[in-house]
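Have a look at the structure below, then the notes.
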Amino acid sequence: MASLKAKFIKWAAILLTLCAVNSEASTNDLRFQLEITGDGNVPRFTLRNLSRTLKISRFQMTIGDTAKSFDSINYFSVPAGVGYSVVSPDMVDEGARSSSLNVTFTNFQTNQAISADVDFDSAAANTWENFRTIIFNNGTAPNAVVTVTASDGTTATLTLPDIEYMNTYTFYGGTPLHTLRIKSMSEVSGPNGIVDYVRKARLTVGGQVVTLPGGI
């Protein structure tokens, strides 16, 4: 009897934990990764959709140092079936400069990535710039703010931090990853003082079984 009671207590604790995690995840699972790499004047931006279910419909980013500007965004690489439209600045070198990037997408699904080259200039002329001192590490100017919008209207905002010189920068925004903790609550079972702890658990998220340490 004690052994059955111990198992009931263990699995009740697990179920309560999983219900709490699933409840939090269902409210908003918008999450993204932004990678910026390469040349200081025309770096490559890569946006990856890390959401569990949501499609990304818009990417926006402020310039940070307003003495500078975005000159163009072009040379897109997109997965098959994904569409995009540039709102600002434009796709032409020395065209219409803007203090913000604004690109819309259609059918940008989870775990897909879209990349493009972004050209930085001064606000009024074609100049050689370094994004590393424009969108962050820019003195008293504000750092760039990234806003990602999902197809259901959900938004996630990230202010880029000051960071040391690197060739590639990787940022994450949106709903933080959830940490699952399983507490084994067992009672002593049997005359020899045997304790039976949780060794395996099954977690289902969005209809998919996730393997936990120890197997399923």
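The values are calculated or read from the model by the stated rules, or taken from the named source; none is laboratory data. The model shown is predicted, which means the values in this text are computed figures rather than measured ones. Counting neighbours? That spans all protein chains shown, and the Cβs are built from the backbone with ideal geometry, glycine included.
Worth pointing out:
- Residue among SER98, SER115, SER88 that is over 24 Å from LEU30 (Cα atoms) and either buried (at least 19 other Cβ atoms within 10 Å of the Cβ) or at pLDDT 95 or above (or both): SER98
- Only residues that are part of a strand (DSSP E or B) and more than 19 Å from LEU47 (Cβ to Cβ) were counted across the range 117-161, and they come to 2.
- Condition met for LEU47 (touching a Ser or Thr at 6+ places or on another chain (Cβ under 7 Å) and of a type in the set (A, V, I, L, M, F, W, C)): no
- Any hit, the range 12-22, residues being at pLDDT 95 or above, out of contact with any helix residue (DSSP H, G or I) (no Cβ under 9 Å at 6 or more places or on another chain) and under 29 Å from GLN109 (Cβ atoms): no
- Scope the range 73-85; condition touching a strand residue (DSSP E or B) at 6+ places or on another chain (Cβ under 8 Å), small (Gly, Ala, Ser) and over 16 Å from ILE36 (Cβ atoms); matching residues: GLY81, GLY83, SER85
- Some residue of the range 55-62 being buried (at least 16 other Cβ atoms within 10 Å of the Cβ), within 21 Å of PRO142 (Cα to Cα) and in contact with a helix residue (DSSP H, G or I) (Cβ under 7 Å, 6 or more places away or on another chain): no
- Residue check, LEU30 under 15 Å from VAL118 (Cβ atoms) and in contact with a strand residue (DSSP E or B) (Cβ under 8 Å, 6 or more places away or on another chain): no
- Selection within the range 131-174 - within 16 Å of GLN33 (Cβ to Cβ) and in contact with an Asp or Glu (Cβ under 6 Å, 6 or more places away or on another chain): THR170
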